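Encoded as structure tokens, the structure appears first; notes follow it.
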């Protein structure tokens, strides 16, 4: 996407100051707004759909539409700086003999070497390890830099099986079987030729410089009955030591969760439509899948009905930005969260100091999403050695560690205010919704009422 | 003084370690795989009464010999490295999936997705293979004595697939750099897969593969298929090919 994707109100027509629009009596179409017009013009000019990074940019009901109630007469708060509020989480103790024990429930989502530079992957590992959380490989295998810098490394098992190596599988601290991702449930990976350098091509066994379109279905299993057998194989190969996650893009999360549990997953990873991607058709990102907020209660319901809530852990991703988001996801029933886009921003993505270079690319700091192009001025979503060298993995890792600490402390602040001695003690009862939509999706009452549309009470 | 050992006793020493016998009628698969993961080069196993159980002999990393006397279920010899696994029967879905090296030999038929995503090594199927044989193969060599099903070598990236019988529909769809040799008929070729000339170097590698698989077919009777490389880059004119 170019700068044309700037939301309409933020930008005046070329050459006209925003304040003059009303004076001139110009009326913008809500249906054919400027971004839509630019999309049509781009499609007409190129004959190819638009491909970009990031997740859904459209406004959807989200954690912003929820509020915590906090302690009061009937609830007892904890002292902010004196009383403990624990944050640790154990992941994968249902069947695995070597579950993960993380110091913070904020983990790093799967992002590939290939989509990201080696320095960016190293920085993610450094930042995560510094605060005692996990990071995750992506579509393209495990790099030695990543394994070396990551105390807890989750190895993704994807349809393409690029770089899939049993030696790496045995080195992994957890295995994440990827069925889908929130940005594109039902879609396979994509990496355009600009980023298929010799090293990336070698790891994926592909010709250098081709446009990689990877499979959307696993090559050797179909459906939950096969998945159960596949999980059995992975357990046999790793001698039942390694936790096995199943990651789904939010579409039919109630059924997907029930089937993942039935198949033997230790952990369910739920990625909502705001979850990012390195390269996907815009039409896919914006129109397939459901918001994170709408998906969490469905997953938790499935886990509870099967009697495995907190036994099969739930990791939620897709639009986590603040400690409040972490706390809200956990109050709705998540055991942990994962961040991708926010982690990249912490590393230095969309930094205003590269404003001039973003402008040269037809974008702007805060809007840049052309991760597929490999020309990232911040050196993160690129394989260009000179751009990649701009990112200092030590300094960027430090920024990520800082950010992860802030997320954790913010979530603790809220949990203590709600009287909880552990983030896991947050519960839906602590929440209310600001909108009817969020109330119906999150299944918590509309603020000031006892009404949950579709569940209980009346307005 | 150095004690010289008679040749007879040397021979005895070499074969002293008789194959470990495992009867899966009363022993769990878990124990077999656990023992195989602790194996050292040169050891051997025979597995009786496999009964179509899944994940037999998966994750081997030593140069061992495993013979399965009967039928195997899903993912037999999955992620195989080094060593040789022989199935004296049929094999289920995902035989030798993601094989890295070594040899896996099935004397009967194999179900779908045989040798899927294999990175190296050799998979020999004396009988037929089902659909998606060699799907997403990444360097493995596959020799099938009989026929293969539809969508075989889908997105095949590297390695060689040799079929002594016929191939089903959409052979080699979206193929990358893998090479396919078929002796019989091909029901249809998938997107971007074309027949290519069979040159000297291909006859030579085909002869090697057939010999490695213990076959006597004449390399000159085969035809070669591979990528037209037209779909390697997004192009508006290819939109109807996908």
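For this structure, a couple of remarks:
- Failed item, numbered, when residue A:334 is tested on (1) modelled with pLDDT under 95; (2) part of a loop (DSSP other than H, G, I, E, B): (1)
- Criterion (in contact (Cβ under 8 Å) with a residue 24 or more places away in the chain and crowded, with 21+ Cβ neighbours inside 10 Å) met by exactly one of A:331, A:364, A:324: A:331
- Among the candidates B:173, B:169, the residue that is at pLDDT 95 or above, part of a loop (DSSP other than H, G, I, E, B), out of contact with any helix residue (DSSP H, G or I) (no Cβ under 6 Å at 6 or more places or on another chain) and closer than 25 Å to residue A:141 by Cβ is uniquely B:173.
- Scanning the stretch A:114-133 for residues being in contact with a strand residue (DSSP E or B) (Cβ under 7 Å, 6 or more places away or on another chain) and either assigned to a strand (DSSP E or B) or over 13 Å from residue A:379 (Cα atoms) (or both) gives a total of 5.
- Remark: residue A:106 matches the filter, which requires a residue to be closer than 27 Å to residue A:390 by Cβ and assigned by TED's automatic domain parsing to the domain that holds residue A:403.
- Number of the condition not met by residue A:268 [criteria: (1) without any contact (Cβ under 8 Å) to a residue 12 or more places away in the chain; (2) under 24 Å from residue B:55 (Cα atoms)]: (1)
- Test result for residue B:156, within 11 Å of chain A (Cβ to nearest Cβ) and out of contact with any helix residue (DSSP H, G or I) (no Cβ under 9 Å at 6 or more places or on another chain): yes
- The single condition among (1) surrounded by fewer than 22 Cβ atoms within 10 Å (Cβ to Cβ); (2) within 14 Å of another protein chain (Cβ to nearest Cβ) that residue A:197 does not meet is (2).
- Segments classed as strands (runs of 3 or more DSSP E), wholly inside the stretch B:50-141, with at least 3 members that are surrounded by fewer than 23 Cβ atoms within 10 Å (Cβ to Cβ): B:65-69
- Residue within the stretch A:398-413 that is farther than 30 Å from residue A:349 by Cβ, assigned to a helix (DSSP H, G or I), modelled with pLDDT of 95 or more and in the same structural domain as residue A:295 (by TED's automatic domain parsing) present: no
- The set of residues from the stretch A:164-191 being within 14 Å of chain B (Cβ to nearest Cβ) and over 22 Å from residue A:239 (Cβ atoms) comprises A:187, A:188, A:189, A:190, A:191.
- Checking residue B:33 against (1) within 13 Å of another protein chain (Cβ to nearest Cβ); (2) in contact with a helix residue (DSSP H, G or I) (Cβ under 7 Å, 6 or more places away or on another chain); (3) closer than 30 Å to residue B:173 by Cα; (4) in contact (Cβ under 8 Å) with a residue 24 or more places away in the chain, the condition it does not meet: (3)
- Listed by position, the helices (runs of 4 or more DSSP H) inside the stretch A:184-264 whose residues that are modelled with pLDDT under 95 number at least 1 are A:198-204, A:223-237.
- Qualifying positions in the stretch A:200-211 - more than 8 Å from every other protein chain (Cβ to nearest Cβ) and without any contact (Cβ under 8 Å) to a residue 12 or more places away in the chain: A:201, A:202
- Filtered residue count, the stretch A:212-230, keeping only those that are at the interface with chain B (Cβ under 8 Å from one of its Cβ atoms), crowded, with 19+ Cβ neighbours inside 10 Å and more than 21 Å from residue B:119 (Cα to Cα): 1
- In this structure, residue B:148 qualifies as buried (at least 24 other Cβ atoms within 10 Å of the Cβ) and touching a strand residue (DSSP E or B) at 6+ places or on another chain (Cβ under 8 Å).
- Some residue of the stretch A:291-313 being in a loop (DSSP other than H, G, I, E, B) and crowded, with 22+ Cβ neighbours inside 10 Å: yes
- Summed over the stretch B:105-124, residues that are in contact with a helix residue (DSSP H, G or I) (Cβ under 9 Å, 6 or more places away or on another chain) and closer than 15 Å to residue B:179 by Cα total 1.
- Some residue of the stretch B:142-149 being in contact with a helix residue (DSSP H, G or I) (Cβ under 8 Å, 6 or more places away or on another chain) and within 11 Å of chain A (Cβ to nearest Cβ): no
The values are calculated or read from the model by the stated rules, or taken from the named source; none is laboratory data. The model shown is predicted, which means the values in this text are computed figures rather than measured ones. Every residue, glycine as well, gets a Cβ built from its backbone with ideal geometry; the counts of neighbours run over all protein chains shown.
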